[in-house]
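The values are calculated or read from the model by the stated rules, or taken from the named source; none is laboratory data. Not measured: the values here are computed from a predicted model. Positions of Cβ are backbone-derived with ideal geometry, glycine not excepted, and every protein chain shown enters the neighbour counts. Keep in mind that these areas ignore ligands, DNA and RNA; they rest on the heavy atoms of the full protein, side chains included. Shrake-Rupley method; radii C 1.70, N 1.55, O 1.52, S 1.80 Å.
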Amino acid sequence: MMPSTEFTFIVASIVIGFLAWRWRAAHARAQHWQAVAVSGEQRAEDTDLLRDHLESQIAALEVAQIDGVLILNAKGVILRLNAAAHEIFGPGAIPGQSLMTVTRSAELDDLIASARLRQSEVDTQINLAGLPYRARVRVADTGIAVVVLREMSELHRLGRARRDFIANISHELRTPLTSIRLVVESLLASADPASEHIHNSLEKVNTEVSALEQMSQELLDLAQIESGQAVARLVPIQVKTLMANVAGRLRLQADRKQQDLTVQVDDDLEALADHDQIARALGNLVHNAIKFTPDGGRIQLTANRTNADIVIAVTDNGAGIAPTDQPRVFERFFRGDRARLRQSGTGLGLAIAKHVVEAHGGRIWVESQGIPGRGTTFFFSLLPGN
Ligand code: ADP
């Protein structure tokens with residue numbers, strides 16, 4: 001998606017272009033009187049130079065612009081349009097024509113009308129001649145409207161290529177990683193206990209392999225989520241089994257840091273969930289708790305029934321999350337300063353957890369005082385299964 005700064009830049013450029021166009025008309029009139037009234041020829045030359053310079057810049061901007069950009073007056077008449085807009089609407093689109101006459105697109109017309117009515121930017125997807133476009137419209141106080149059109153199909157194609165690439169890479173990484181893990185584990189089992197150095201080195205390799213496995217899994221999950229392949233199949237599941245499975249999978253990692261990992265949940269608690277997907281989301285929370293809690297720390301998994309929901313919580317007594325970071329931790333690729341400096345990770349774990357939980361009709365949130373040692377609790381809710 002085009003960031004708003006880019007949009008602001010385009011609008012600013014177009015407005016400069018428009019002002020320059022107005023200025024040119026005024027300049028042409030002024031020039032006439034200038035010829036009569038002003039005898040200093042040097043001044044006129046300077047003005048011409050400045051005008052040529054401005055015009056060449058505007059022309060370059062208009063040609064280089066990939067988005068179609070149109071400027072309309074309050075009556076919907078085209079004042080100016082760039083080369084990309086010409087390509088979209090064909091040779092009939094020229095200044096002086098009404099946009100509706102040229103495009104015959106009621107959808108675009110409605111969009112502009114709605115931007116005028118709301119007096120704010122409208123940003124949506126529309127179809128023009130059978131192709132999808134992202135359309136953005138801003139209307140100035142003077143009634144002048146700026147319309148920016150971006151073709152979506154190429155973006156879609158690039159997005160798909162990126163997802164496929166990530167999915168393939170992460171899939172291909174799994175087999176060699178599993179082989180390395182097996183070799184390291186068998187070496188660990190057979191290593192001479194007297195050789196502390198070899199043992200420690202193998203443990204380090206094992207930790208790094210776990211981190212790589214986690215990363216490739218997160219990349220794969222993200223690719224599946226983005227491609228819409230990860231459809232949640234909700235059935236009643238035992239929350240205790242879910243939590244025991246996740247804790248069992250990550251216990252080794254906690255043990256390596258001498259952390260106390262506990263599960264506390266009633267036997268009869270059931271939730272409506274896709275076991276594997278929610279196990280992945282919960283796994284990401286527990287994995288983080290282990291990662292961001294020092295050796296010897298405590299990690300607790302609990303679940304409770306509230307009036308309408310099942311609430312699952314993962315509490316640690318680790319580094320905590322600063323209040324300023326808390327609203328951002330669920331964003332894709334967000335990583336705290338500490339994480340960027342010291343820990344491995346992709347910044348995707350929480351974004352994936354959020355997506356999964358929301359696809360289950362639940363919500364996810366975090367509580368932390370942001371004080372090291374006071375730790376963090378991540379909560380998420382699920383619909384009850386019984
Ligand atoms: P990653 O762990 O790969 O960095 P996540 O999306 O899982 O990415 O987490 C985003 C950020 O949230 C982390 O980089 C870290 O700053 C913060 N965070 C997540 N869980 C915890 C936790 N239990 N304790 C402290 N900080 C955490």
Counting only residues that are part of a helix (DSSP H, G or I) and at pLDDT 90 or above, which one in the stretch 328-354 is farthest from Ser216 (Cα to Cα)?
Arg328
Please state which one of Ile352, Ile312 is near the ligand (Cβ under 8 Å from one of its atoms), in the same structural domain as Asp266 (by TED's automatic domain parsing), open to solvent by less than 20 Å² (accessible area, probe 1.4 Å) and more than 15 Å from Thr293 (Cα to Cα).
Ile352
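Name the single residue that is surrounded by the fewest Cβ atoms within 10 Å (Cβ to Cβ) among those in the stretch 161-190 being within 14 Å of Ser216 (Cβ to Cβ) and of a type in the set (A, V, I, L, M). Spell out how you get there, then give the answer.
Quick first cut of the stretch 161-190, residues within 14 Å of Ser216 (Cβ to Cβ) only: 165-181.
If we keep only those that are of a type in the set (A, V, I, L, M) as well, we get 166-167, 169, 173, 177, 180.
Details: Ile166: 18, Ala167: 19, Ile169: 13, Leu173: 17, Leu177: 17, Ile180: 16.
Ranking the qualifying residues of the stretch 161-190, first place goes to Ile169.
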Return the residues of the stretch 301-327 that are closer than 14 Å to Gln258 by Cα and part of a strand (DSSP E or B); say none if nothing qualifies.
Asp316
Residue check for Leu158: assigned to a helix (DSSP H, G or I), open to solvent by 70 Å² or more (accessible area, probe 1.4 Å) and under 30 Å from Ser105 (Cα atoms):
yes
Residues satisfying the stated conditions in the stretch 242-270, i.e. free of Cβ contacts under 8 Å to residues at least 24 places away in the same chain and open to solvent by 60 Å² or more (accessible area, probe 1.4 Å)
Arg251, Leu252, Asp255
Please pick out the residue among Gly361, Gly375 that is touching a strand residue (DSSP E or B) at 6+ places or on another chain (Cβ under 9 Å) and open to solvent by 50 Å² or more (accessible area, probe 1.4 Å).
Gly361
Would you mention how many residues in the stretch 283-296 are open to solvent by less than 40 Å² (accessible area, probe 1.4 Å) and either touching a residue at least 60 places away in the same chain (Cβ under 8 Å) or away from the ligand (no atom under 15 Å from the Cβ) (or both)?
6
